[in-house]
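Structure first, then comments.
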Number of protein chains: 2
Amino acid sequence: MAEYIESLQRLAEQFGQLPGVGRKSAMRMAFSVLALEDEVVQEFADVMLEAKRVVHACPVCGNLTDKDVCSVCNDLSRDRGLICVVEDVKAVMSIEKVREYRGVYHVLGGVISPVNGITPDKIRFRELIERVGTDDVREVIIATNPTPDGEVTAMYISKYLKPLGVKVTRLAYGVPVGSDLEYADEITLGRAIEGRRDV
Amino acid sequence: MAEYIESLQRLAEQFGQLPGVGRKSAMRMAFSVLALEDEVVQEFADVMLEAKRVVHACPVCGNLTDKDVCSVCNDLSRDRGLICVVEDVKAVMSIEKVREYRGVYHVLGGVISPVNGITPDKIRFRELIERVGTDDVREVIIATNPTPDGEVTAMYISKYLKPLGVKVTRLAYGVPVGSDLEYADEITLGRAIEGRRDV
C-alpha cells in the first residue's frame, strides 16, 4: 500500500511544509518527483541546497542577494537619495517589476505590531535611521502594506524621519486596502508610486 | 532585484515543474525554503533523493514500493484470487483508504488510448494476462477511471479475460454518496438508474 511507503510519505511531509500545500497536493508532488528522471531530481536537490547556501540579506538594504550587495544597491544608476521602505523582499520584487522606480530600497523585515510584540527594535528600523543620517537622502517613500500594522509602522517611521529634514511620502491608495503588495498588478502598483503623498 | 537572484529563480523553476504549481506559487515556495533552517533544507534534499532512489515498481503488480515486493503483494492475508486492475498507483492508494478491499492489485501504468498512440503493449496488459493465466484467479475487478479511454481499456481487458474463464467485473457507477441528485450530471445519473439494485 503506497500510503505505507515510508520514503514517499516522508517526501510528502517535506512538501507539506511549503506554503499553500495541503496533504493531497503534497502527496501529488511526491509522486511527481518519482516520475522525474534521476538527474532532474538530483538537480532539484542541488539547486535547493545551493539557493539556501548562497542567498543572504544585502548588508545595505536587507534585500536578498547572492552577491556581496544586492543588484539594486550595486546599480550605480539608481538614485541613492530616494529610499523606498518595504516590509519584505517580496515587496521589492513587486515594485521592481513595474520598472518605474529608480531609487533604492530598505527592507524592514517585518512591521511594528504591538499586539504581536514586534517593537521597532525587532525590525530593521535603526538601520534605516542610520542610512538616512549617513547617505544624502532626499526622500523616503514608505511602502509598507496598507494593513493596520503597516499603517502604524508608516506613521512611526515618518514621525522619526521628518525632524531629520527628509521628505517622507507614502504610497498612494491605488493599492487595494487590506491586500498584500505581492498580489497587486503592475498598473495599480505603478499608479501607487506615481501618486505618492506627503505624510 | 530579487528576480535576478539566479539561484532563487532556479529554485522557483524547480518547484514550477511540480503539478499544480504556478509561477507565483513556485516563487513563494522558493522564498519559504530560504526561511527554513539549514538542517531542514538539507533533510528536504536528502529525503527527495532517498525517495527517488529506493521507491520502485513492485515486480508483481506494478504498485510502488521500497521493498522487494509491495506491501499488498507481501501480505499473506490478501486474497490472491481477486485482482483489482487500476490505471495508476494513486488509484491503489484511494482504494486502500477504504479498508474494505482484501484482494490484490494490478497497476496498468496508463490506459489504452488510440488517439494518443497508447496501444495495449505500452501498458502492463501482457503482465495481467500472464498473472491471470498463472495464479489461481477467480475474479478481476476493472477499476480504470470512468473516462472514454478508461472505458475502452476496460472493454479490451474484459474481452481478453472472459474466454480464460475468469469472472470480470467493473466498479459500479452511480451518484456519489452524500451528494445531491440535483448536482449529478446526466450521464452519471443515467448510469445510476441503469445500475439500480433491489433493496
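The values are calculated or read from the model by the stated rules, or taken from the named source; none is laboratory data. Owing to the predicted nature of the structure, the values given are computational and were not obtained by experimental measurement. Methodologically, a virtual Cβ is constructed for each residue, glycine included, from the backbone with ideal geometry; neighbour enumeration extends over all protein chains shown.
Tally time: how many residues in the range B:79-93 are under 11 Å from the mean Cα position of the chain (by Cα) and closer than 18 Å to residue B:140 by Cβ?
Within the range B:79-93, residues that are under 11 Å from the mean Cα position of the chain (by Cα) and closer than 18 Å to residue B:140 by Cβ number 6.
May I ask you to list the residues in the range A:47-76 that are surrounded by fewer than 15 Cβ atoms within 10 Å (Cβ to Cβ) and in a helix (DSSP H, G or I)?
Residues satisfying the conditions are A:53, A:54, A:74.
So residue B:60 fits all but one of (1) more than 10 Å from chain A (Cβ to nearest Cβ); (2) touching a Leu at 6+ places or on another chain (Cβ under 7 Å); what number is the exception?
Condition not satisfied by residue B:60: (2).
If we scan the range A:123-134, do we find a residue that is more than 17 Å from the chain's Cα centre (by Cα), over 21 Å from residue A:188 (Cα atoms), at pLDDT below 90 and not hydrophobic (A, V, I, L, M, F, W, C)?
yes
Going by the conditions given, is residue B:20 small (Gly, Ala, Ser), in a loop (DSSP other than H, G, I, E, B) and surrounded by 15 or more Cβ atoms within 10 Å (Cβ to Cβ)?
When the stated conditions are applied, residue B:20 does not pass them.
Of everything in the range B:31-51 that's facing chain A (nearest Cβ under 7 Å) and of a type in the set (Gly, Ala, Ser), which residue is nearest to residue A:8 (Cα to Cα)?
So the residue we want is B:51.
Just to be sure, is residue B:72 within 7 Å of another protein chain (Cβ to nearest Cβ), over 23 Å from residue A:43 (Cβ atoms) and not small (Gly, Ala, Ser)?
Judged against the criteria, residue B:72 is a match.
Of everything in the range A:1-29 that's among the aliphatic types (A, V, I, L, M) and facing another protein chain (nearest Cβ under 7 Å), which residue is nearest to residue B:90 (Cα to Cα)?
Filtering the range A:1-29 for residues that are among the aliphatic types (A, V, I, L, M) and facing another protein chain (nearest Cβ under 7 Å), the one nearest to residue B:90 (Cα to Cα) comes out as A:2.
Of the residues that sit in the range A:58-88 and are of a type in the set (Gly, Ala, Ser) and in contact with a Gly (Cβ under 8 Å, 6 or more places away or on another chain), which one is farthest from residue A:102 (Cα to Cα)?
Out of the qualifying residues, it is A:62.
Being over 28 Å from residue B:92 (Cα atoms), within 7 Å of another protein chain (Cβ to nearest Cβ) and aliphatic (A, V, I, L, M) narrows it down to one residue among A:98, A:54; which is it?
A:54
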